[in-house]
Protein chains: 2
Amino acid sequence: MARHNTTRFAVLGALAWQPMSGYDIKKALDRSVSHFWSENFGHLYPVLRQLAAEGLVTQKREQSGRRPAKSVYRLTDRGEDELGRWLASEPGAAPRRNELLLQLFFGRRLDKTTLRDKIRRERERQVGAQATLAAVRDEIKKAHAGPDGALWLLTLRYGELMSEAAVKWCDECERWAARAR
Amino acid sequence: MARHNTTRFAVLGALAWQPMSGYDIKKALDRSVSHFWSENFGHLYPVLRQLAAEGLVTQKREQSGRRPAKSVYRLTDRGEDELGRWLASEPGAAPRRNELLLQLFFGRRLDKTTLRDKIRRERERQVGAQATLAAVRDEIKKAHAGPDGALWLLTLRYGELMSEAAVKWCDECERWAARAR
DNA sequence: GCAACAATATATCACTATGGCATATTGCCC
DNA sequence: GGGCAATATGCCATAGTGATATATTGTTGC
């Protein structure tokens, strides 16, 4: 068995915030945790059905205006308990699968130009990510001064430090490529 | 379809190094790229069979002494071409799934002690990782001064910078927790 | 000398997760 | 009014994980 279903807990955590549809959950997660977590519909919807079947969430069909009907899910007491148990549990290791580094590692046969281009594009991606993080930081400061805000800033800070380190690494690579020609 | 099979390329890359059995490939990858890449047997063996069926590798049964027979795989010319194409291609984004951060993000209901313990364990993990990286660095310096060595050190350096940044983050979290009591 | 255990070598299975495509409606811009 | 983004969900093929099974050899300790 593949450890445990972490999507479950991302969903329960989001619903602890407020009742939402699957689509809303995806949007909410994308806005808040996308720098260290990703979900996709293909898994999200089945997990929601499963959680409903287990009684950890309730499902309610809702019609608003003439928009397509949506299923709004709400956390139950048992769902809260389940969330609480997971929160206190030991977190699993993050997946290690960095394709860029794998290409570099086996990149002996690549010419220097291709290598440098790879690094430069990575640097651009990271700088772009930093802009996104800055925007998230602004949003948190404005909208969420509460007890959550501090924890959110902590996770944001993680992303910032990682991205800074990645840029630093790109620059070191550039200097190395410039020397070794 | 789920983007593309990256395990394929990890395997081709390893076999470009030298002919090996599935077990050997796993060992070789674990020793060299484990700080940014992981493979497991459950996927590795099926992929090897698939690569053989496609003619990108050849399979040869080998008996050595009375040890269990093993299948040694060797890269074909078409396999080399496939590897070359992938090396020059745009790398896919790394999976974003950090369970520790997800727990912190939803961790409003956790008490400070639990939070601090989580951070401390993370710090210990990172310090442990740094020790492993240092050992790998030594090994590379000793055994591989060739053209590969420089690229390997680049990927190693990435791991070092990430781990340093992670420890820095842990320390910032500690200071935050100390302030906010 | 034998039990316990690590390493060698592969395979299978259940489950988790990804990403592409399909579908249908509404709202907006040119 | 044509096209495209957003809302809302579902399905499928494929990728990837981790537990477990199996059989042999080599090593370590009692």
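Read the figures in this text as sums done on the coordinates, not as results from a lab. Predicted, not measured: the structure shown is a model, and the values here were computed from it. Reconstructed Cβ throughout: ideal geometry from the backbone, glycine too, with neighbour counts over all protein chains shown.
Would you mind listing the distances between the B:Thr114 label point and the same position in each other copy? Use 7 Å along Cα-to-C-beta, nm, one decimal, shortest first.
5.0
For segment A:61-157, what's the radius of gyration and Dmax over Cα atoms, in angstrom?
21.7, 60
Compute the acute angle (0 to 90°) between the alpha-carbon long axis of helix B:112-143 and the principal axis of greatest extent of the alpha-carbon atoms of chain B; round to the nearest 10°.
Helix B:112-143 sits at roughly 40 degrees to that axis.
Place the label 7 angstrom along Cα→C-beta at A:Gln130 and in each other copy, then list the distances from the first to the rest in nm, shortest first.
2.3
Be a star and scan segment A:23-59 for residues whose amide nitrogen sits under 12 Å from the point 7 Å along the Cα-to-Cβ vector of A:Lys142.
Zone members listed by number: none at all.
Students often get this wrong: which residues of segment B:129-153 have the backbone nitrogen under 19 Å from the point 7 angstrom along Cα-to-C-beta of B:Asp24?
Correct set: B:144.
Please report A:Thr113, A:Thr132 as a ranked list, fewest other C-beta atoms within 10 angstrom at the top and most at the bottom. Show your work: numbers first, answer last.
Values: A:Thr113 9, A:Thr132 13.
Placing the least packed residue first, the sequence is A:Thr113, A:Thr132.
Between copies, how far does the label point of B:Gly84 sit from its twins, in nm, shortest first, when each point is 7 Å from Cα along Cα→Cβ?
So the label point of B:Gly84 gives 6.2 nm to the other copies.
Is there a quick way to get the dipole size of the protein assembly as shown? I mean about its Cα centre, with the Cβ of Lys and Arg at +1 and of Asp and Glu at -1; what is the value in debye to the nearest 20?
200
Give me the one-decimal nm value for the distance between modelled label points at B:Asp111 and B:Ala69, 7 Å along each residue's Cα-to-Cβ direction.
6.2
Once the dipole of the protein assembly as shown is set up with Lys and Arg at +1 and Asp and Glu at -1 on Cβ about the Cα centre, which of B:Leu110, B:Gln18, A:His43 lies farthest towards its positive end?
A:His43
Quick one: if you take sqrt(5λ) for each eigenvalue of the C-alpha gyration tensor of chain B, what semi-axes come out, biggest first, whole angstrom?
39, 19, 17
Students often get this wrong, so check it: of B:Lys26/B:Lys142; A:Lys27/A:Lys141; A:Lys112/B:Lys141; A:Lys60/A:Lys142; B:Lys27/B:Lys142; A:Lys118/A:Lys168, which have C-alpha atoms separated by over 25 Å?
A:Lys60/A:Lys142
For chain A, find the longest principal axis of its Cα atoms and tell me its angle to the long axis of helix A:22-32, 0 to 90°, nearest 10.
In chain A, helix A:22-32 runs at an angle near 40 degrees to the longest axis.
Going by alpha carbons, how many degrees (0 to 90, nearest 10) lie between the helix axis of A:41-54 and the longest principal axis of chain A?
With rounding to tens, the tilt is 30 degrees.
Evaluate the distance, in nm, between pseudo-label points positioned 7 Å from the Cα of A:Ala180 and of A:Glu164 along their respective Cα→Cβ axes.
2.8
When a/c is below 1.5 the answer is rounded, else prolate if a/b is larger than b/c, else oblate, so apply that to segment B:6-88 with a ≥ b ≥ c taken from the square roots of the Cα gyration tensor eigenvalues.
Oblate is the answer for segment B:6-88, as a/c is 1.5 or above yet b/c matches or exceeds a/b.
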